[in-house]
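Here the structure comes first, spelled out in structure tokens, and everything after it is commentary.
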Amino acid sequence: MSFAKADQSFVDGLAAELPADALRALEPRYLEEPRGHYSGQGGVLALPRSAEEVSVIVRACQAATVPLVPYGGGTGLVGGQVMPEGAPVVLSLERMNKVRSVSAQSNVIEVDAGCILADVQTAAEDVDRVFPLSLAAQGSARIGGNLATNAGGLNVLRYGSARDLCLGLEVVLPSGEIWHGLSGLRKDNTGYDLKSLVIGAEGTLGVITAASLKLYSKPVAYQTAFMAVPDVNAALALLGMARDQLGETVSAFELIHKQSWAFLAETFPELRAPFEDAPEWTVLIETGLPKAMAGQDVLEGLFADAFETGLAFDGVIAQSEAQRQAFWTLRETIPLANKKIGSISSHDVSVPQEAMAEFVQAGRAAVAKFGALRVNCFGHLGDGNLHFNVFPPQGEKKSEYKHLRDEVQAAVHDVVHQFGGSFSAEHGVGRLKTGDLARYGDPAKLAVMRAVKNALDPAGIMNPGVLFAD
């Protein structure tokens, strides 16, 4: 499919319909993405302040067949925010960053899509509520991008992913029409669920401009602990025990391999690991307790039962809020340590819990065929999402193994597929994984996706190259 460019003639025509400062030359940061896989070439930056201005921009792109790339916080890891060819309109929602309303009674917050995730969390806390979507990039990621990619993060176990936290959307469709779907209703059984269709579509079906989001009562106390477990099966059994004993108060359950502690020690030596000798596997568990359970040492009881049954053999429970934060700093620094070490190939995957231990073993065996590569496996065990990242041998550089990247990725994703899993658990498909979608996607699902895309965006201008390579 061929597109026109956002050249000077197009820019001049669009500028006449917008406020004087709505268009700007593209700065380098809008042409880059965190992992450096893609870089943009040119075009123009659009900075609207309202859905109406977004509508003007989309209509102009549609009429001239100029591609449009929605841009949130730029934190995505699959290249969805950067178009490497052509000269598109890069549409940043950073000026649309207001909290429109918040209701503690209804447990609903309505926000512009350009709101930074951390600011949404703060607005909820101001009315003694919690917006539970939590991820490492929350200080710069914007809620529109979180919804467009159906972000997951640390609390999916208890609260669900971005899709589960959204009640309604305001969206500018590829035609330029504005869909006013910001209802805060918990029940609305009136036909197709357009909201869920747009969430996770990565900007290919429209531009999210605002959202109504769910809020929750704030736990009165948190309890957080690291526990050393013998293996992955023991970690899963411990998760089951925790759910049986503590129910929905379990908000996070993270699995960490000892390679993570080795990378942290190498790259962030100032951080203190929870164990003097790193166990093969560690879990980080957190509970958020309601008022009725405040003051109970629930994790002490859990650890005692886990120790007695052999599911855990060591552990440390945070004794203060500062220590709790220190525990989470360790977990959230693992991706930064990985980045400093330099992975050959990173994999954001999910597999059924009952197959997780077998997947880890089979995935390691698949990687071992390429030599003495190191695997760092960590992630959100509670919802079956693992980050299975592959690194060069100790003392060797990533650049020496760069040629293996595609083969390693295919080998790991083949194992994921073998166990009925997904090659993209929470980062989306973007441009990076379009080949995987074509290879592993169900043909009927792909046909429906293409039909929807063609029906809503026949000119193909909305984030071309994302989801579908062609």
* **For region 197-301, alpha-carbon Rg and Dmax in angstrom** => 18.4, 51
* **Whole-percent carbon and sulfur share, accessible surface of region 386-427, 1.4 Å** => 46 percent
* Structure fact -> Here, residue 101 and residue 372, labelled 7 Å along Cα→Cβ, have an inter-label distance in nm of 6.4 nm
* To do: Provide the gained length on full extension for the span residue 326 to residue 450, in nm with one decimal, where the gain is 0.36 nm per separating residue minus the Cα-Cα distance.
  => 40.1 nm
* Roughly how tilted is helix 232-246, in degrees to the nearest 10 and between 0 and 90, from the longest Cα axis of the chain? -> 90 degrees
* Computed P(r) (all Cα pairs; region 166-249; 10 Å bins; percent) -> 14, 29, 17, 24, 15, 1
* Structure fact -> In Å², rounded to a whole number, the accessible area per residue of region 44-101 with probe 1.4 Å is 30 Å²
* For residue 364 and residue 140, calculate 0.36 nm times their separation in residues minus their Cα-Cα distance, and state this gained length in nm to one decimal. => 77.3 nm
* To do: Would you compute the Debye intensity of region 31-108 from its alpha-carbon atoms alone, equal scatterers and no solvent, and pass along log10 I(q)/I(0) at q = 0.15 Å⁻¹ to two decimals?
  => -0.60
* Can you tell me the FRET efficiency between residue 243 and residue 193 if r is taken as the Cβ-Cβ distance and R0 is 22 Å, rounded to the nearest 0.05? => 0.20
* Asked: For residue 272 and residue 340, what is the calculated FRET efficiency with R₀ set at 22 Å and r taken between the beta-carbons, to the nearest 0.05?
  -> 0.75
* Alpha-carbon centroid distance for the pair region 381-444 / region 66-131, whole angstrom -> 27 Å
* Could you compute the FRET efficiency for residue 17 and residue 163, with r as their C-beta to C-beta distance and R0 at 45 Å, rounded to 0.05? => 0.85
* If you put +1 on each Lys and Arg Cβ and -1 on each Asp and Glu Cβ, how big is the dipole of the chain around its Cα centre, in Debye rounded to 20? -> 700 debye
* Structure fact -> Share of accessible surface on carbon and sulfur in region 253-305, whole %, 1.4 Å probe and ligands ignored, is 49 percent
* Surface accessible to a 1.4 Å probe, residue 387 within the full protein complex, Å² -> 20 Å²
* Structure fact -> For region 98-222, the accessible surface attributable to carbon and sulfur atoms (probe 1.4 angstrom, ligands and nucleic acids excluded) amounts in percent to 48 percent
* Structure fact -> Quick P(r) readout (region 8-154; Cα-Cα; 10 Å bins; whole %) gives 11, 38, 32, 16, 3, 0
* Nearest-ten-degree value, helix 405-418 long axis tilted from longest Cα axis of the chain -> 70 degrees
* To do: Averaging sequence separations of C-alpha pairs under 8 Å and six or more residues apart, then dividing by the length of the chain, give the relative contact order as a whole percent.
  => 16 percent
* To do: Would you mind working out the accessible area per residue for region 258-372, using a 1.4 Å probe, and quoting it in Å²?
  => 50 Å²
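The values are calculated or read from the model by the stated rules, or taken from the named source; none is laboratory data. Predicted model only: the values in this text are computed from it and were never measured. Positions of Cβ are backbone-derived with ideal geometry, glycine not excepted, and every protein chain shown enters the neighbour counts. Heads up: the accessible areas ignore ligands, DNA and RNA and are worked out on the full protein's heavy atoms, side chains in. Shrake-Rupley method; radii C 1.70, N 1.55, O 1.52, S 1.80 Å.
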